[in-house]
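A short worksheet on the structure shown next.
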Amino acid sequence: MNRQEKLQQIEEFSELCDKTNLVVIVENKGLNAEQTTKLRKLVFSSGGQLRVFKNTFVGKGFGDKMPEDLGPHLHGPNAFLFGGENFIEDLKGVVDFSKTTNEKLVVKAGVLDGKYLDASRLQVLATLPGKDQMRAQLLGTMMAPVRGFVTALAGNVRNLLNVLNAIKEKKE
């Protein structure tokens, strides 16, 4: 690889980091081509990217923005997850996929909005609901008082109709 290609790889990594909120280091300990393709499609379908870069390029691509704790994880055969708009779904996909590979794929560490996250924090982050699910929960919470009010109003009307029907039946 010549100097120009190396600089291009560093620049490409840096651009991907600037476009995303979440970068995750994933160690690949022997996935076959079929599994790798399946994982890439899974991540791509949720809006993210899974790319492979040389570890030295990653350090240079982060530059001064790289958290100190991330350095020790930049060894071995790594792939890098760049989360899309809904980065929780991307992370969930990788974490779930890693559970099915018998430790051939290991989530090592990550950076979320410039802050270092270890593997345990990424596991917790992966359990959070995605953006669409959070929106649905928020909407349900906002609609609950209105739904309760409408139910209460309908109950009064229903009770009035029951009383009127009872009077009607009594007179018949």
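Looking at the range 130-143, can you tell me whether even one residue there is in contact (Cβ under 8 Å) with a residue 24 or more places away in the chain and out of contact with any Asp or Glu (no Cβ under 7 Å at 6 or more places or on another chain)?
Checked the range 130-143: at least one residue is in contact (Cβ under 8 Å) with a residue 24 or more places away in the chain and out of contact with any Asp or Glu (no Cβ under 7 Å at 6 or more places or on another chain).
I'd like to know if the range 47-66 contains one or more residues that are closer than 29 Å to Met134 by Cα, in contact with a Phe, Trp or Tyr (Cβ under 6 Å, 6 or more places away or on another chain) and surrounded by fewer than 18 Cβ atoms within 10 Å (Cβ to Cβ).
The answer is yes; a qualifying residue exists.
Out of all the residues in the range 100-137, which are of a type in the set (Lys, Arg) and surrounded by 11 or more Cβ atoms within 10 Å (Cβ to Cβ)?
Within the range 100-137, Lys104, Lys108, Arg121, Lys131, Arg135 meet the criteria.
For the range 73-89, name all the residues that are farther than 16 Å from Val52 by Cβ and modelled with pLDDT of 85 or more.
Answer for the range 73-89, where residues must be farther than 16 Å from Val52 by Cβ and modelled with pLDDT of 85 or more: Gly83, Phe87, Ile88, Glu89.
When you scan the range 82-102, do you find a residue that is of a type in the set (Phe, Trp, Tyr) and farther than 25 Å from Lys6 by Cα, even just one?
The answer is yes; a qualifying residue exists.
Failed condition for Val106, given (1) under 16 Å from the mean Cα position of the chain (by Cα); (2) at pLDDT 85 or above, with all others met?
Evaluating Val106 over (1) under 16 Å from the mean Cα position of the chain (by Cα); (2) at pLDDT 85 or above leaves (1) as the failure.
Note down all Cβ pairs under 8 Å where the first residue falls in the range 64-93 and is among the β-branched types (Val, Ile, Thr), the second is part of a helix (DSSP H, G or I), and they're at least six residues apart or on different chains.
Ile88/Leu125; Ile88/Ala126; Ile88/Lys131
Mind listing whichever residues of the range 14-52 are aromatic (Phe, Trp, Tyr) and farther than 21 Å from Val106 by Cα?
Those that are aromatic (Phe, Trp, Tyr) and farther than 21 Å from Val106 by Cα: none in the range 14-52.
Residue by residue, here is whether (1) within 29 Å of Gln4 (Cβ to Cβ); (2) more than 22 Å from the chain's Cα centre (by Cα); (3) in a helix (DSSP H, G or I); (4) not assigned by TED's automatic domain parsing to the domain that holds Gln123 holds:
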| position | (1), (2), (3), (4) |
| --- | --- |
| Val24 | yes, no, no, no |
| Gly30 | no, yes, no, no |
| Val43 | yes, no, yes, no |
| Gly47 | no, no, no, no |
| Thr56 | yes, yes, yes, no |
| Phe62 | yes, no, yes, no |
| Gly76 | yes, yes, no, no |
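The values are calculated or read from the model by the stated rules, or taken from the named source; none is laboratory data. Computed from a prediction, not measured in an experiment: that's the story for all the values here. Positions of Cβ are generated from backbone atoms using ideal geometry, with glycine treated the same way; all protein chains shown enter the neighbour counts.
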